[in-house]
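To start, the structure under review is shown below, and the notes come after it.
The numbers here are math on the coordinates, done by the rules we state, and not lab data. As the structure is a prediction and not an experimental result, all values here were calculated from the model. Please note: Cβ atoms are built from the backbone with ideal geometry, for glycine as well, and neighbour counts cover all protein chains shown.
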Amino acid sequence: MGKIAITGGLLADPAQDSPAHGALLIEDDRIIASGTIDIPSDAEIVVANGLVVAPGLIDLGVFRTDKPAFHYGGITRAALMPDQSLPLDDVGLIREAARAGKPDFWVHPIAAATKGLGGKELAEIGMMQAAGAKAVGTGRSWIADSGVMYRILAYASGLGLTVISHAEDAGLAGRAVATSGETATRLGLAAAPTCAEAMAIARDISLVRETGARIHFRIVTTKAGFDLVRAAKAEGLPVTCGISPAHLFLSDNAVTDYRTFARMSPPLRSEDDRNAALAAVADGTVDVITSSHDPRGPEDKRLPFADASPGVAGAETLLALSLNLVRDGHIGINALMRLLSANPAQILGVDAGGFAEGSAADIILVDPDAPWIIDSDKMAAAAGNTPFDKVPVQGRVRRLMKGGIFYSE
C-alpha cells in the first residue's frame with residue numbers, strides 16, 4: 001500500500017494532554033510516525049483541512065456487528081458481547097465472530113465465561129482465547145455463585161485476559177425493568193434499588209483482591225458504584241469501568257410515557273446518579289465509553305414496557321454524543337479519545353487506539369462542530385431504537401481509515 005501522510009489536521013493523540021497541529025505518517029497498515037515530522041517524498045499526501053485526526057473508535061461491548069452504523073460512527077473495532085443467538089462459548093463460534101467484520105472492520109469476540117452463559121459451568125476459555133477471543137464476559141447477567149466467579153477470575157488471570165462483568169445483583173434486580181424511585185412508582189413498573197449495582201461490584205472487587213485478575217465493569221451507573229471503583233483504583237487493584245452515553249445524558253425521566261427506546265440494562269438512573277457519572281468521567285474513574293450497540297426492531301420494542309427488550313442502537317451516535325463532554329468542559333478531546341479508543345485497546349490487548357509507532361493505522365477524520373439531528377427513521381443501523389430521536393448534536397466523521405485503507409469520505 002505504500003506510505004500515506006495525513007497533514008493539515010489537529011492530532012487528538014490519546015497519549016498527549018491536548019491536541020496539536022501535526023502530521024501522521026502511515027506505511028502499509030501501521031503508523032510509523034506522528035507529530036512534527038518530515039514527510040517522505042514518496043508518500044501520498046492526504047490533507048485534513050483542519051479536521052481532528054483521531055484513532056478509530058474501539059467499541060467495547062456491542063451486541064451486534066453492524067457495518068453501516070460502525071462506519072458512520074467512526075468505529076473501526078468492536079468487541080462483541082457473548083450474548084448472541086448462540087452464546088459465544090465455543091471455539092468455532094469465536095472464530096466465526098472474529099471473521100465477521102473483515103475486511104471492513106475488526107470484530108474482537110468476548111468469550112462467554114460459562115457454558116451457555118448459564119453462570120454455572122466454566123466454558124473452555126483458554127481454547128477460545130487461542131481462537132481469537134480478547135476477553136471473557138459474563139454477558140448481560142451477573143454470576144450469582146461466588147465460587148464460579150472466583151474460578152473465572154483465577155483462570156482468566158492465568159491467561160492474561162480481562163473479565164468483563166455485568167454489575168447487577170440478580171437477587172435484588174430480579175425481573176425489574178426500572179430503577180426504584182418516583183418515575184417507576186408513578187408508572188407502576190417493577191423496579192430494583194440502585195444498591196444492586198454496588199453490591200455486585202463490591203463482591204467482584206473482593207474476588208479481584210484474592211485472585212489479582214483484571215476486571216472491567218462494562219457499565220457502571222450509580223454514585224455508590226463509582227465510589228467503589230474509585231477506591232479500588234486507589235488501592236492499586238486492576239479494576240476499570242465503562243458507561244454509555246445514554247447513562248451520561250439521560251435519567252430515569254426518559255422512560256416517562258413508557259418509552260421503550262429508553263429501556264436499558266442496567267436501567268437509567270436518577271439525576272443525582274447521572275451527575276455522579278459525569279463527575280466520574282471528569283476525574284478519571286470511568287475508563288471507557290461504549291455505545292452498547294444493540295439494534296432492536298419493532299418486534300422487540302413496540303411492546304408494553306416490561307415486555308420490551310432492553311438495548312439501544314448507539315454506534316452511529318457514540319462520537320457525537322460523547323463530544324458533548326468536551327463542549328461542556330468535563331474533559332478535553334484527547335482524554336475523550338482515551339475513553340473511546342486507547343483504553344478499550346489496552347483492555348483488549350490490541351495494538352490500536354493511538355498514534356504510537358507500530359499502532360494499527362485505524363484513523364478517523366472528524367469535524368467536531370458539524371451539526372446534525374439524530375433521526376431514528378434515517379439511521380444507518382439495522383434498527384433505529386435510539387432514545388435520542390430528534391436530538392440535535394455536533395460531530396461527524398468525514399473520513400475513515402481501517403488498516404491503512406480509506407473506506408469513506
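Conditions (1) crowded, with 19+ Cβ neighbours inside 10 Å; (2) touching a Phe, Trp or Tyr at 6+ places or on another chain (Cβ under 6 Å), marked per residue:
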{"position": "Met337", "(1), (2)": "yes, no"}
{"position": "Asn343", "(1), (2)": "yes, no"}
{"position": "Gly349", "(1), (2)": "no, no"}
{"position": "Ser359", "(1), (2)": "yes, no"}
{"position": "Ile364", "(1), (2)": "yes, no"}
{"position": "Pro371", "(1), (2)": "no, no"}
{"position": "Ile374", "(1), (2)": "yes, yes"}
{"position": "Asn385", "(1), (2)": "yes, yes"}
{"position": "Val391", "(1), (2)": "no, no"}
Step by step: first the residues of the range 307-324, then only those that are touching a Phe, Trp or Tyr at 6+ places or on another chain (Cβ under 9 Å) and assigned to a helix (DSSP H, G or I), then the one that is surrounded by the fewest Cβ atoms within 10 Å (Cβ to Cβ). Which residue is that?
Asn324
Counting only residues that are part of a loop (DSSP other than H, G, I, E, B), out of contact with any Ser or Thr (no Cβ under 6 Å at 6 or more places or on another chain) and not acidic (Asp, Glu), which one in the range 79-100 is farthest from Tyr150 (Cα to Cα)?
Ser85
Looking only at the range 93-130, count every residue that is crowded, with 19+ Cβ neighbours inside 10 Å, closer than 20 Å to Arg64 by Cβ and more than 20 Å from the chain's Cα centre (by Cα) and tell me the total.
3
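Quickly run through the range 89-116 and pick out the residues that are over 25 Å from Ala380 (Cβ atoms) and out of contact with any Gly (no Cβ under 8 Å at 6 or more places or on another chain). Working first, answer last.
First pass over the range 89-116, keeping only residues over 25 Å from Ala380 (Cβ atoms): 89-95, 111-116.
If the condition is that a residue be over 25 Å from Ala380 (Cβ atoms) and out of contact with any Gly (no Cβ under 8 Å at 6 or more places or on another chain), then Asp90, Val91, Gly92, Leu93, Thr114, Lys115, Gly116 are the ones that fit.
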Note down all Cβ pairs under 9 Å where the first residue falls in the range 53-67 and is free of Cβ contacts under 8 Å to residues at least 40 places away in the same chain, the second is outside any strand (DSSP E or B) and polar (S, T, N, Q), and they're at least six residues apart or on different chains.
none
Could you please find all residues in the range 181-210 being surrounded by 21 or more Cβ atoms within 10 Å (Cβ to Cβ) and hydroxyl-bearing (Ser, Thr, Tyr)?
Thr194
Of the numbered conditions (1) part of a loop (DSSP other than H, G, I, E, B); (2) touching an Asp or Glu at 6+ places or on another chain (Cβ under 7 Å), Tyr407 fails exactly one; give the number of that condition.
(1)
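Name the residues in the range 174-183 that are more than 27 Å from the chain's Cα centre (by Cα) and not in a loop (DSSP other than H, G, I, E, B), would you? Step through it out loud before you land on a result.
First, pick out the residues of the range 174-183 that are more than 27 Å from the chain's Cα centre (by Cα): 181-183.
Correct list: Glu182, Thr183.
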Of the residues in the range 262-275 that are under 19 Å from the mean Cα position of the chain (by Cα) and part of a helix (DSSP H, G or I), the one that is surrounded by the most Cβ atoms within 10 Å (Cβ to Cβ) is Ala262
When the range 113-139 is examined, which residues are found to be in contact with a helix residue (DSSP H, G or I) (Cβ under 8 Å, 6 or more places away or on another chain), touching a residue at least 40 places away in the same chain (Cβ under 8 Å) and either within 23 Å of Ala196 (Cβ to Cβ) or assigned to a loop (DSSP other than H, G, I, E, B) (or both)?
Ala113, Ala131, Ala133, Lys134, Gly139
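Would you check which residues across the range 291-306 are touching a Ser or Thr at 6+ places or on another chain (Cβ under 6 Å) and either outside any loop (DSSP other than H, G, I, E, B) or among the β-branched types (Val, Ile, Thr) (or both) and list them?
The first filter runs over the range 291-306 and keeps only residues touching a Ser or Thr at 6+ places or on another chain (Cβ under 6 Å), leaving 292, 296, 300-301, 305.
Passing the criteria: Asp300, Lys301, Phe305.
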